[in-house]
Amino acid sequence: MAEVAQLFEDLEPSPRLLMGPGPVDVYPRVLRAMSVPIQGQFDPEFRRYMGQVMALYRQVFRTKNAQTLLIDGTARAGLEACMHSVIAPGDKVLVPIFGRFGHLKTEIAKRARAEVIPLEITWGTVFEPGQIEAALKQHKPRMVAICQGDTSTTMLQPLAEIGALCRKHDAILFVDATASLAGNAFETDAWQIDMVATGLQKCLSGPPGVAPVTFNERVVEILNHRRHVEAGIKPPDFVEGNGPIIQSNYFDLAMIMDYWGPKALNHHTEAASMLYAARECARVVLEEGIDAGVARHVLTSKALRAGLEAMGLELYGDAKHRMANVTGVMIPKQIKNGDGVRAALLTDFGIEIGTSFGPLAGKVWRIGTMGYGCRKANVLRCLTALETVLRRHGFGAPAGAGVDAAYKVYDNG
Ligand SMILES: *Cc1c(COP(=O)(O)O)cnc(C)c1O
């Protein structure tokens, strides 16, 4: 009997307005960039694109770090590459935790066989520099691994003073800027941050699948000690590092550095279409200007928040430390089924907003206004739709109040 292939339907996802905590709608230019012909990673033309990506992301990260490159995989691939490559078994790693992604970093550090020192505060707040310095003094960690913005709580950790503290106590400062970069001010060099990882699918408005990272000479020195190369590609003059081998091959930054650098030492096959996407994301962000982009995120979230409050909703978390690209809103008591509201927004209006995890599960919705999605039309659409859906679920907001309040923010600039 002839085999009957099962083909399913043509791929035609319904159009959505992605206003959750990520992923977000992709810039159309980025989608186009992903459809150009791929090349091999040793094609001189493609090497030139790789060099351009490094130069573009130095500007996005605001750094002079030579080592500014892409890790193939979603944002957590960047986190794993950075943490596994620096942390040797037995190293102490301090993880200040103010949300879900802090816990993720303790988990990655544990798998890297670190001695993990978790430092927890209540969700919805951020750390004072003094709290971190006290832990640095007490534990003398090799690394401090912290989020800038933790989308799970929508809080933004001030970092300007943490870098200097880490230098003083001889720790490597590693920052997860996945959720915040390009939507909130971020300064790699000026804030003395040693190592940063991010992803494309938040304020950079790309598809998930590649993780831009940058790291400085303090990190390179550690990596050089741990440098080992696969036998099959080892150059005759290669000198092995005397430190412990990095436990992951795919995420070995010492090898990845040589792959991106002038040696062009073979490692993985470059995810060419994702590299094109990352290149275009950076071009879009830099074309607008980082400061202008951050200002757009600040204004948009201000309009959204004014609208939500005018509807009689309460915002979540410490007002002084909110991210400019995600807003947490308390689910009102009258609403018995928060997920029902989200489902109605999705099915009736095509708008996705986010739920929450851990202690906030069932209590908070999260609304993203990031990157390409961070615009007036989306705020007005979201408020209009939310007002309607809330009314149908038993919460009556004053008609039109949300949209009017948002308009007012725009009218006053
Ligand atoms: C969204 C987010 C991530 C995402 O990681 P993925 O592997 O891309 O899912 C990582 N860190 C933070 C702080 C985030 O907000």
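The values are calculated or read from the model by the stated rules, or taken from the named source; none is laboratory data. In this text the structure is predicted, and so the values were computed from the model without any measurement. Here Cβ is always computed from backbone atoms with ideal geometry, including for glycine, and neighbour counts include all displayed protein chains.
Quick rundown of the values:
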item	result
Members of the stretch 202-231 found to be basic (Lys, Arg) and closer than 30 Å to MET370 by Cβ, listed by number	LYS202
Residue check for ILE246: crowded, with 22+ Cβ neighbours inside 10 Å, assigned by TED's automatic domain parsing to the domain that holds THR153, out of contact with any Leu (no Cβ under 7 Å at 6 or more places or on another chain) and part of a loop (DSSP other than H, G, I, E, B)	yes
Hits in the stretch 40-85 (condition: assigned to a helix (DSSP H, G or I), of a type in the set (S, T, N, Q) and within 13 Å of ALA282 (Cβ to Cβ))	GLN52, GLN59
Tabulated pairs, the stretch 362-383, first at pLDDT 95 or above and of a type in the set (S, T, N, Q), second buried (at least 24 other Cβ atoms within 10 Å of the Cβ) and in a strand (DSSP E or B), C-beta under 9 angstrom, 6+ apart or interchain	THR369/VAL326; THR369/THR327
Residue in the stretch 133-158 that is farthest from the ligand (Cβ to nearest atom), counting only those that are more than 29 Å from MET370 (Cα to Cα) and not charged (D, E, K, R)	GLN138
Odd one out for LEU173, checked against (1) within 16 Å of the ligand (Cβ to nearest atom); (2) in contact with a His (Cβ under 8 Å, 6 or more places away or on another chain); (3) over 30 Å from ASP25 (Cα atoms)	(2)
Meets criteria (within 16 Å of the ligand (Cβ to nearest atom) and either over 22 Å from ARG218 (Cα atoms) or at pLDDT below 95 (or both)) for GLY130	no
Residue ID - farthest from the ligand (Cβ to nearest atom), chosen from residues in the stretch 89-105 that are part of a loop (DSSP other than H, G, I, E, B), touching a strand residue (DSSP E or B) at 6+ places or on another chain (Cβ under 8 Å) and in contact (Cβ under 8 Å) with a residue 40 or more places away in the chain	ASP91
Conditions (1) within 16 Å of GLY20 (Cβ to Cβ); (2) in contact (Cβ under 8 Å) with a residue 60 or more places away in the chain; number of the one not met by GLU387	(1)
All positions within the stretch 205-234 that are aliphatic (A, V, I, L, M) and either away from the ligand (no atom under 13 Å from the Cβ) or farther than 28 Å from LEU265 by Cβ (or both)	VAL219, VAL220, ILE222, LEU223, VAL229, ALA231, ILE233
Any hit, the stretch 186-197, residues being among the charged types (D, E, K, R), in contact with a Cys (Cβ under 6 Å, 6 or more places away or on another chain) and either in the same structural domain as LEU104 (by TED's automatic domain parsing) or touching a residue at least 12 places away in the same chain (Cβ under 8 Å) (or both)	no
Answer residue from the stretch 31-83, given it is among the β-branched types (Val, Ile, Thr) and within 16 Å of the ligand (Cβ to nearest atom) and is farthest from GLU187 (Cα to Cα) among those	THR74
Per-region count, the stretch 1-21, residues touching a residue at least 12 places away in the same chain (Cβ under 8 Å) and part of a loop (DSSP other than H, G, I, E, B)	6
Exclusive hit being under 21 Å from the mean Cα position of the chain (by Cα) and either more than 26 Å from ARG100 (Cα to Cα) or surrounded by fewer than 19 Cβ atoms within 10 Å (Cβ to Cβ) (or both), set ARG381, ARG375	ARG375
Set ALA401, ALA343, ALA319: member being among the aliphatic types (A, V, I, L, M), free of Cβ contacts under 8 Å to residues at least 12 places away in the same chain and more than 30 Å from GLU120 (Cβ to Cβ)	ALA343
Selection from the stretch 185-204 of residues that are away from the ligand (no atom under 11 Å from the Cβ) and of a type in the set (D, E, K, R)	GLU187, ASP189, ASP194
Exclusive hit being small (Gly, Ala, Ser), surrounded by fewer than 17 Cβ atoms within 10 Å (Cβ to Cβ) and under 25 Å from ALA319 (Cα atoms), set ALA145, ALA134, ALA160	ALA160
Only one of ALA81, ALA55 that is within 30 Å of ALA277 (Cα to Cα), surrounded by fewer than 19 Cβ atoms within 10 Å (Cβ to Cβ) and in the same structural domain as ASN224 (by TED's automatic domain parsing)	ALA55
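Results for (1) surrounded by fewer than 19 Cβ atoms within 10 Å (Cβ to Cβ); (2) touching a Gly at 6+ places or on another chain (Cβ under 6 Å); (3) assigned by TED's automatic domain parsing to the domain that holds THR122, shown as yes or no for each residue.
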position: HIS268; (1), (2), (3): yes, no, yes
position: ALA271; (1), (2), (3): yes, no, yes
position: ALA277; (1), (2), (3): no, yes, yes
position: GLU314; (1), (2), (3): yes, no, no
position: ARG322; (1), (2), (3): no, no, no
position: ILE351; (1), (2), (3): no, no, no
position: GLY354; (1), (2), (3): no, yes, no
position: PHE357; (1), (2), (3): yes, no, no
